[in-house]
Amino acid sequence: MLSGEIKTHTKYPKKAWFCYLLLAVLLGTGIGAKSQSVWEYHQKEVYNYLSRMAQKGLVRFDDNIRPVSRKYIAECLDSLIQHAATLSNTEKKELDFYSREYGSEMDTTLFSNPAKVSFFKNDPYKRWRMVYASGKDALLMVDPVFTASTYQGNGKSYHKTSSGLNFWGRIGNHWGFRFFYNDITEAGTGIDFLKAETPETGYPRKRDTSNRTSLNYTQFRGSISYSWKSGSLSFGQDYLLWGYGETGKIVMSDKAPTYPYFRFDIKLFPWLKFNYTHAWLNSGVIDSSRTIPNPPNTPFSDSQYFFVPKYFATHTFEITPVKGLNIALGESIVYNNPAYVGYLFPLMFFKVYDNMVNNNNIAAGSNGQFFAQISSRNHIPKTHLYSTVFIDEIRMSTMFNSQKSRNQLGYTLGGSITDVFIPYLTFGLEYTRVRPFVYRNLLPAQNYTNSDYVLGDWMGSNFDRMSYTLKYTPLPKLKCLARYQSIRKGGMGNLYDQYFEPQPPFLFDFQKKQQEFTLQLSYEWLNNLCFSGYFQSITSDNRVNNIKTTSNTFNIGFNYGL
């Protein structure tokens, strides 16, 4: 962990983003290859399909950082056609199904065809669209978003519905855009207003959730991207996921709501990739120095509040020395002073820069992290092995000294093997441990969070989790999952525990032990039309009040357009 805040007279470069865009245009000038980056939602089932194909050695699928572009997904699907003879009937039918969704991404004659607009019909790839429009140097696709589901169980009886709009497209050979809006309402009893200690994505929320019987919030994703043969540059608001994890991602996950970002990706060589992202986060911390009180005797007597600004920068190098082996090294920084211009430089060593500008003063710096991952696909046939480590703070000289160590880190070890005994049966095993005080900083505005939700694993810090997962596809597009996981969770502690020696042990202030069993089914009948349901039983042993409880939840619903 690096330290906090510094006052400087360096001015924020207002033209920085224009310079990045100009650089991208110059890099793309004269390159004839057609490329567009329309980022695809990271929870699409096609990710799991291609990941499994990569696990079998049939395709190279680089998805350590998600989302990836629709064009890249289409290229991976296209390369699978060369291995059609090795695919099962179920895999072939799913390949055809996904190819209908991404067929336009590989159409090299699209812009040379006559202009066409259709409403509520199939597009040229037999994929139903609300609106499909193509013409000279432009493509637009529009779909509605509808979801409905019900949740029933111990103390729960509520419904979740949503509606919205999803459109995306391309302009010429290099520009892509995406707009996704979904307005969500939950109504009934037993609603989880906090959405804490659950993998469900959070939302910007009010502090007071008492006496409420309904919840309304919005999900938004969108971007404008410029791409060339070896890279892309995009501005937008979206999730950014980093690393592998079946039950949680310790580096970057989708637990926190989306945030605005600037993203730069480039493939320098077939074996070397680089990613840089700068984001604007929600600190949730009121800046009292900027509070403006309203005049007395007015209808609104409350003051006008401003929040402490919060920023996030991260960069990653990914090395692929041989097919199936991926080594990723990354660094990130959370800071709250817009004058820290060094974090706008993609190749900056964040930790070194932070130490330079704050004179190695922990109370005057930023909150930095290091992380790494190694992933092996099909080196053991049909097997994916991975290991991730996230370092918030570590003191190498006293790493093994229990009295002086500051090993504030987390790690994940996992693996899966597919086609176990029968085709399309996958067994996975995963263990995650995150030590105390990871993701936290002495300055609340620099916690590793957005809107008070952690950017990393949804369980936060001071916990471990063991999971066993079975996945099976008996029929094309019918996904079955069974999972058992065991969780142990300790307390949060305070700043004295975090910054003074000796450090409390792992799982100090033990809070609870929890076992979860989940059965889940989903069927994507048509492209983007999915029916799903699950049953989950959670047994919790609360060590704070010595109460054991069992909660059962049943869910069934459908979604279109997500």
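The values are calculated or read from the model by the stated rules, or taken from the named source; none is laboratory data. Bear in mind the structure is a predicted one, so any value in this text is a computation, not a measurement. We place every Cβ from the backbone using ideal geometry, glycine too, and count neighbours over all the protein chains shown.
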- Conditions (1) over 17 Å from Asp63 (Cβ atoms); (2) among the charged types (D, E, K, R); (3) surrounded by 21 or more Cβ atoms within 10 Å (Cβ to Cβ): number failed by Asp287: (3)
- Task: Restrict the check to region 515-535 and report whether at least one residue is surrounded by 14 or more Cβ atoms within 10 Å (Cβ to Cβ), out of contact with any strand residue (DSSP E or B) (no Cβ under 8 Å at 6 or more places or on another chain) and over 30 Å from Val46 (Cβ atoms).
- Result: no
- Task: Spot the failing condition for Trp228; the list is (1) among the hydrophobic types (A, V, I, L, M, F, W, C); (2) buried (at least 17 other Cβ atoms within 10 Å of the Cβ); (3) out of contact with any Lys or Arg (no Cβ under 8 Å at 6 or more places or on another chain); (4) without any contact (Cβ under 8 Å) to a residue 60 or more places away in the chain, and only one is missed.
- Result: (4)
- Message: I'm checking my understanding of the structure. Among residues of region 245-277 that are closer than 13 Å to Thr201 by Cα and among the aliphatic types (A, V, I, L, M), which one is farthest from the chain's Cα centre (by Cα)?
- Response: Ala256
- Note on the structure: Of the listed residues (Gln485, Gln520), the one being part of a strand (DSSP E or B), farther than 17 Å from Gln408 by Cβ and out of contact with any Leu (no Cβ under 9 Å at 6 or more places or on another chain) is Gln485
- Query: Out of region 74-121, which residues are more than 23 Å from Leu425 (Cα to Cα) and aliphatic (A, V, I, L, M)?
  - Reply: Ala74, Met106, Leu110, Ala115, Val117
- Message: For the condition surrounded by 15 or more Cβ atoms within 10 Å (Cβ to Cβ), touching a residue at least 40 places away in the same chain (Cβ under 8 Å) and of a type outside the set (D, E, K, R), what is the one hit in Tyr132, Tyr125, Tyr151, Tyr158?
- Response: Tyr151
- Note on the structure: Okay, strands (runs of 3 or more DSSP E) sitting entirely in region 67-154 with 2 or more residues that are touching a helix residue (DSSP H, G or I) at 6+ places or on another chain (Cβ under 9 Å), I get 128-135, 138-153
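Taking into account only those residues within region 404-439 that are among the charged types (D, E, K, R) and modelled with pLDDT of 95 or more, which is farthest from Phe312 (Cα to Cα)?
Once the filter is applied, the top-ranked residue is Asp419.
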- Query: Restricting attention to region 234-251, does a residue exist that is in contact with a helix residue (DSSP H, G or I) (Cβ under 8 Å, 6 or more places away or on another chain) and in a strand (DSSP E or B)?
  - Reply: yes
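For residues in region 179-195 being charged (D, E, K, R) and not in a strand (DSSP E or B), which is farthest from Arg221 (Cα to Cα)?
Taking region 179-195 as the starting set, the residues that turn out to be charged (D, E, K, R) are 183, 186, 192, 195.
Remaining after also requiring not in a strand (DSSP E or B): 192, 195.
Working: Asp192: 23, Lys195: 20 Å.
Only one residue tops the list, namely Asp192.
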- Given Asn336, Asn326, which one is in contact (Cβ under 8 Å) with a residue 60 or more places away in the chain and either over 20 Å from Ile65 (Cα atoms) or among the aromatic types (Phe, Trp, Tyr) (or both)? Asn336
